[in-house]
Each structure stands twice: as structure tokens, then as C-alpha cells.
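**Student:** Let me give you the structure first, and then I'll get to my questions.
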Amino acid sequence: SRIKFRLQGNHEDGLSDWKLAKLFTRYFDLSEGNVGVALQQWICNIDRISEQGEIQMRVPKRPDREVLNSLGKDRLILLIQFVLHKQLSSDRLSRIMQMEEVELLRQIEVLHRMDILRGKNGVWEINRYLLPFLIQTMEEELLL
């Protein structure tokens, strides 16, 4: 594209073909080939845009999934419903989980403070930047 970028201070024209290939291979590996996830990761690694329209970026890193691993089975089971249904209101989630809505709202609020769940107009969904890593955690725990 016409948009120029700098990767950790190095202008893209100064990067060798090998370094560019390593960069895009890293995005491919982190996203497991999912173009949408790779694009979201690309956006997350933009530090700023200069006045000339040049993007300042950093090298993508594999996120620390220890927090996701320590969520506990109860919260992971709750999050499975969001993986399966994409978006849920607390009322609908209450019917699916057969739990009191008040208790679910407490759990939702905790996950919201952790920025795992995001809500708008009473409808909740998993933070799209965390979703692929959360799914990977669930698969490793044999929950999905």
C-alpha cells in the first residue's frame, strides 16, 4: 500500500526482504493463518501515526496467556457460551446457563473489569483481540 511504516525505528525501505518475511511469518504464526486475527494483531502493534501519515510499529509478541490459564473452569465455561453464541444479554445467558441473573451479572462484571468481555446496550461479547487466545486456552483445557 502507499502507507509507509517504521518497525521499531527502522523505515520499511531499510528492512531486508528476510526481515520483512520474518515479520509477516510471525503474524501468520501468531494468528494461525487467520487473516482477520492477523489484521487485528497488526492494528494492536501500531504505536502511533506521524503527521506525515507514517505508521510507527513494534514487533508482535506472543501474549502472556497465564491470566487466561488462571481464569478457572467456572469462568471458562461461562465464556464458552460467548464463543458459541458470539453475543449474549445477561437475561439470555441466564436462561442458557440456568443460573440466577444476579450471579451472572457479578461474573460478567469481573470479566468486564479484566477487559475480557465488552458490552454495549446490555449485550456482551468477548474482546475480539483476546478471542483467538481464549479459544486456544479452551482447546488446551479440552473445553472446546
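For every residue, the table says whether it meets (1) surrounded by 11 or more Cβ atoms within 10 Å (Cβ to Cβ); (2) within 30 Å of LEU93 (Cα to Cα); (3) of a type in the set (S, T, N, Q).
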| position | (1), (2), (3) |
| --- | --- |
| GLY14 | no, no, no |
| PHE28 | yes, no, no |
| TRP42 | yes, no, no |
| GLY53 | no, no, no |
| GLN56 | yes, no, yes |
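**Student:** Still on this structure: Kindly check whether there is at least one residue in region 16-24 that is at pLDDT below 90 and open to solvent by less than 40 Å² (accessible area, probe 1.4 Å).
**Tutor:** There is no residue in region 16-24 that is at pLDDT below 90 and open to solvent by less than 40 Å² (accessible area, probe 1.4 Å).
**Student:** Applying the selection to region 116-144, what residues are over 17 Å from the mean Cα position of the chain (by Cα) and of a type in the set (A, V, I, L, M)?
**Tutor:** Across region 116-144, the qualifying residues are VAL123, LEU142, LEU143, LEU144.
**Student:** Kindly indicate whether any position in region 20-38 is more than 18 Å from the chain's Cα centre (by Cα), of a type in the set (D, E, K, R) and assigned to a helix (DSSP H, G or I).
**Tutor:** Checking region 20-38: at least one residue is more than 18 Å from the chain's Cα centre (by Cα), of a type in the set (D, E, K, R) and assigned to a helix (DSSP H, G or I).
**Student:** VAL37 fails exactly one of the following numbered conditions: (1) open to solvent by less than 80 Å² (accessible area, probe 1.4 Å); (2) out of contact with any Pro (no Cβ under 6 Å at 6 or more places or on another chain). What is the number of that condition?
**Tutor:** All conditions are met except number (2).
**Student:** Are any of the residues in region 48-56 within 30 Å of ARG2 (Cα to Cα), touching an Asp or Glu at 6+ places or on another chain (Cβ under 8 Å) and of a type outside the set (Gly, Ala, Ser)?
**Tutor:** Yes, region 48-56 has at least one match.
The values are calculated or read from the model by the stated rules, or taken from the named source; none is laboratory data. Bear in mind that the values here come from a model prediction, so they are computed numbers and not experimental data. Don't worry about glycine lacking a Cβ; one is built from the backbone with ideal geometry, like all the others, and counts go over all protein chains shown. Each accessible area value is taken on the protein alone, full model and side chains, heavy atoms only, with ligands, DNA and RNA left out. Shrake-Rupley method; radii C 1.70, N 1.55, O 1.52, S 1.80 Å.
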